[in-house]
Amino acid sequence: MLRALSSPRGMATAPHHLAAQAGAGVLRDGGNAVEAMVAAAAVIAVVYPHMNSIGGDGFWLISQPGKAPRGVEACGRAAGLATREWYRNAGHPEAIPSRGPLAANTVAGAVSGWQAALEHAGGKLPLSRLLQDAIWYARNGAPVTQSQIDYTQKFREELAPQPGFAQAFLRDGGALPEVRSVQRFPALAATLEQLARRGLSDFYRGEIAHALAAELERLGSPVRLQDLQRHHASLVTPLEVKLSVGTGYNMPPPTQGLASLMILGIFDRIREGATVDSFAHVHGLVESTKQAFLVRNRHVGDPEAMTVDPADFLTPAALDERARAIDPARARPWPEPAIKGDTVWMGAMDGEGCSVSYIQSVYWEFGSGVVLQDTGINWQNRGSSFSLDPASHLALEPGRKPFHTLNPALARLSDGREMVYGNMGGDGQPQSQAAVFSRYAMFGQDLQQAVTAPRWLLGRTWGQMSVSLKVEDRLDPGVVDALKKAGHDVELIPGFSDFVGHAGALVRHPNGMISGASDPRSDGLVAAL
């Protein structure tokens, strides 16, 4: 049985092994956890390009000794030209296209988040050291993963026609690359080198910004130079929920961090008598998810446009009310509208007590599919989640932040342990977070076992159109049968399936020892000093 790895000096976990090793390398050179995460984030944007890019957004939770956790929100806003009238005139009055230049309608915030996190936490190493591994892999090549090939094949028909996609990710004649063949991104390497020389702000206010804006405009995107120049990341106060085992933290809107915390808070109230991975455990988390998604789907969006305070849903009284709405023996009728998304979560801890939970994304696999050839950057399609219905709480408005599935998680447990954890995959993110956290923190399971064990997903993600309760076929057949009898629309999926995402977690113990877990469903690992 795989068990969590441990180290007293520092640790990084990521869904690609080269990213985790890049983070550990920075820790070994004297960098802190935030610096390690910047290195890992840059590398994973090169070696796992179907899941993320520096043309996407990012969200951080940072914990430092003796301080309250802080969040970094690096969410790009809708372009100034991105109006409902603009899309109507472009021939799309009903919905924003999900691929192509019209889907590339928000600023990419990830790089600004790297800068804000470094400014918040300080650092010892030059930017050139933090980006050196990513530059090397982009210039000299990294192996193509089976995961990248699978998702290229699945969505090739809609992605291949997009500007720059075939040149970046397909071979001659539109063929798929072979697994472990070398992929190089020379234009992206040059962009990363420029950032290392000129600083991260060059992405928004320097030569890179001008190149980005010119090509986006030429391709038909509404994003302009002024949108990039106006952008900045923000330090924010995380949402928190009090649990019987400690305090959980997550990002405020426009992310679905509220839903992640609600699931934990609701389940904590109904878990008495449950055992790990029993019917009561799985059913309880699924029903808690439904209650949380009812709130998320009606209210969460740009916080400036919301009419409710998200913290009000995390009060003991509000969580008690949601818990009372759950039938311990029967499934609530479903579905609610589901959210798609493709993402990477990574964690880092250093030997000085700094912990980082980070998530970086382009929304759908390969985002908009647009690869800017002048800079090598694949642009996100996060803004395709806006609604063109003016009555929607997700209505498109210039300068508005899109709803985000991204939500890195952190917890401070009552016994002094600190945990960073997360997952990728749209609706699956808060569900897998809840599975891993409850197994480890509430039921005492080994951290690696908590990540490896069978998971489930209510709703659609990873290209699946059904809204069933997808359950890995490794789950106890007796539990699966009990779920069906309780009224859940159970759909068995293969074990170790990408559909439930790629999870990971790190835990710092009171004695300073760090434990880590990575997901065998991914190409990742735990790298330690």
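The values are calculated or read from the model by the stated rules, or taken from the named source; none is laboratory data. If you're wondering where the values come from, they're calculated on a predicted model, not measured in any experiment. Here Cβ is always computed from backbone atoms with ideal geometry, including for glycine, and neighbour counts include all displayed protein chains. Quick note on the areas: whole protein, heavy atoms, side chains included, nothing else; ligands and nucleic acids left out. Shrake-Rupley method; radii C 1.70, N 1.55, O 1.52, S 1.80 Å.
Structure notes:
- Given R0 = 56 Å, the distance between the Cβ atoms of residue 242 and residue 492 translates into a calculated FRET efficiency of 0.95.
- In a DSSP loop and with at most 16 other Cβ atoms within 10 Å, the trypsin sites (Lys or Arg not before Pro) in the range 125-182 are 171, 180.
- In order along the range 429-444, the phi-based Karplus estimate (6.51 cos²θ - 1.76 cosθ + 1.60, θ = phi - 60°) of 3J(HN,Hα) comes to 4, x, 6, 5, 4, 5, 4, 5, 5, 5, 4, 7, 7, 9, 10, x Hz; Gly and Pro are listed as x.
- Scalar couplings 3J(HN,Hα) for the range 45-61, obtained by applying the Karplus form with A = 6.51, B = -1.76, C = 1.60 to θ = phi - 60°, are 5, 8, 8, 10, x, 6, 9, 6, 6, 6, x, x, 10, x, 9, 10, 10 Hz; x denotes Gly and Pro.
- This model, with +1 at the C-beta of Lys and Arg and -1 at the C-beta of Asp and Glu, gives the range 256-413 a dipole about its Cα centre of some 380 debye.
- Between residue 476 and residue 156, full extension at 0.36 nm per residue minus the direct alpha carbon distance yields a gain of 111.6 nm.
- Selection from 284, 221, 2 lying farthest towards where the dipole of the chain points positive, charges on Cβ: 2
- Rounded to the nearest 500, the 222 nm mean residue ellipticity of the chain from helices alone is -10500 deg cm²/dmol, with -39,500 (n - 2.57) taken per DSSP H run of at least 4 residues.
- Amide H contacts under 5 Å for residue 55: 378, restricted to partners 5 or more places along the chain or on a different chain, H placed in the peptide plane at 1.01 Å from N.
- Across the options 326, 163, 31, the greatest Cα extent toward the positive end of the charge dipole of the chain (unit charges at beta carbon of Lys, Arg, Asp, Glu) belongs to 31.
- Accessible surface, the range 116-175, averaged per residue in Å² (probe 1.4 Å): 47 Å²
- Put the Cα centre of the range 77-116 next to the Cα centre of the range 127-173 and the gap is 23 Å.
- Residue order for 210, 502 - accessible surface, 1.4 angstrom probe, largest first: 210, 502
- Option label - Rg and Dmax of the Cα atoms in Å computed here, alternatives [x] 24.2, 75; [y] 21.4, 62; [z] 22.6, 72: [y]
- For the chain, the longest piece that avoids every one of the GluC sites (Glu not before Pro) found in DSSP loops with at most 13 other C-beta atoms within 10 Å covers 353-529.
- Between residue 68 and residue 178, the FRET efficiency from the beta-carbon distance, with R0 = 56 Å, is close to 0.70.
- The range 73-132 - charge dipole about Cα centre, Lys and Arg +1 at Cβ, Asp and Glu -1, debye rounded to 20: 140 debye
- Dipole magnitude of the chain, debye to nearest 20 (Cβ charges: Lys/Arg +1, Asp/Glu -1, about Cα centre): 320 debye
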